[in-house]
Amino acid sequence: MTRLIILGAPGSGKGSQCKWITRDYNVPHISTGDILRKNIADGTELGMKAKAYMDNGELVPDELVIDLLKARLDEADCKENGFLLDGFPRTVAQAQALDEYLSAHGIGIDKVINLEVPDEEIMSRAVNRRTCENPDCKEIYNLRDNPPKVEGICDKCGSKLFQRKDDNEETVANRLRVYHSQTEPLIAYYDESGKVSTVVGQERLEDTIALVKFELEK
Ligand code: ADP
Ligand code: ZN
């Protein structure tokens, strides 16, 4: 079993790490951001409640995401090899709720990867980020470091690329503020159990992957 959490500021590159981890460890990638965006796209009640918070770079209220996450962990695929949590927990209250859920099921988290990237770098990456709109692909590009071969088109699947509505300067600055005040305290929270491995995000994706791999295999 491999039960992992990846922590890091929005735009630190968690998504790119999650892609290979979920493949190599054969665990579901659980991104509360993706689940919330799907709810918005599907026009669900949860989506309607979450949308305004997300557009402003604020956190969706704990009770909404906690229920959503528990329901996701109840699904069968999370009981096979474990899971990878991305974007959850984001507050101490969420971490406590997760701990309660896990101990009620007699399980626990194996490792917390803390991906560290300076705020200035995150800002520059975010405003240049483009994502493939195909839900089965979701390939991420960066107009600065990793542009698509054809402007606006995914190299992998030919679908259109889009810029996330929350990837603008004002919203990113707000998300960083929220991260530092609400989510960063989780590093200390998990550090007490000695489960945190901090990895400094490198310029090249392959280099960051190698560092994370090393920590996971320890
Ligand atoms: P990023 O990949 O940039 O970190 P996410 O896709 O994880 O962003 O999340 C996008 C938005 O969804 C957040 O800004 C927040 O509004 C909401 N969100 C996602 N996960 C949570 C969570 N665990 N608690 C509260 N809000 C969340
Ligand atoms: Zn694609």
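In this structure, does residue 55 turn out to be within 16 Å of ligand 2 (Cβ to nearest atom) and surrounded by fewer than 20 Cβ atoms within 10 Å (Cβ to Cβ)?
no
Would you be able to tell me the number of residues in segment 148-164 that are of a type in the set (Lys, Arg) and within 16 Å of ligand 1 (Cβ to nearest atom)?
The number of residues fulfilling the criteria is 1.
Taking residue 58 and the conditions (1) under 25 Å from residue 119 (Cα atoms); (2) touching a strand residue (DSSP E or B) at 6+ places or on another chain (Cβ under 7 Å); (3) part of a loop (DSSP other than H, G, I, E, B), which numbered condition does it fall short on, given that it satisfies the others?
Unmet for residue 58, out of (1) under 25 Å from residue 119 (Cα atoms); (2) touching a strand residue (DSSP E or B) at 6+ places or on another chain (Cβ under 7 Å); (3) part of a loop (DSSP other than H, G, I, E, B): (2).
Conditions first: (1) modelled with pLDDT under 95; (2) closer than 19 Å to residue 15 by Cα; (3) within 16 Å of ligand 1 (Cβ to nearest atom). Residue 183 passes all but one, so which condition is the exception?
Checking residue 183 against (1) modelled with pLDDT under 95; (2) closer than 19 Å to residue 15 by Cα; (3) within 16 Å of ligand 1 (Cβ to nearest atom), the one that fails is (1).
Let's see how each residue does on (1) within 15 Å of ligand 2 (Cβ to nearest atom); (2) over 30 Å from residue 214 (Cα atoms); (3) within 16 Å of the chain's Cα centre (by Cα):
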residue	(1), (2), (3)
129	yes, no, yes
139	yes, no, yes
157	yes, yes, no
168	no, yes, no
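Being assigned to a loop (DSSP other than H, G, I, E, B), of a type in the set (Asp, Glu) and in contact with a helix residue (DSSP H, G or I) (Cβ under 6 Å, 6 or more places away or on another chain) is true for just one of 155, 167. Which residue is that?
167
Any residue in segment 142-154 that's in the same structural domain as residue 125 (by TED's automatic domain parsing): show its pairings with residues that are in a strand (DSSP E or B) and loosely packed, with under 15 Cβ neighbours inside 10 Å at Cβ separation under 9 Å, as long as the two are six or more apart or on different chains.
152/160; 152/162; 153/160; 154/160
The values are calculated or read from the model by the stated rules, or taken from the named source; none is laboratory data. What you see is a predicted model, and the numbers here were worked out from it, not measured in a lab. No Cβ is skipped: glycine too gets one built from the backbone with ideal geometry, and neighbour counts run over all protein chains shown.
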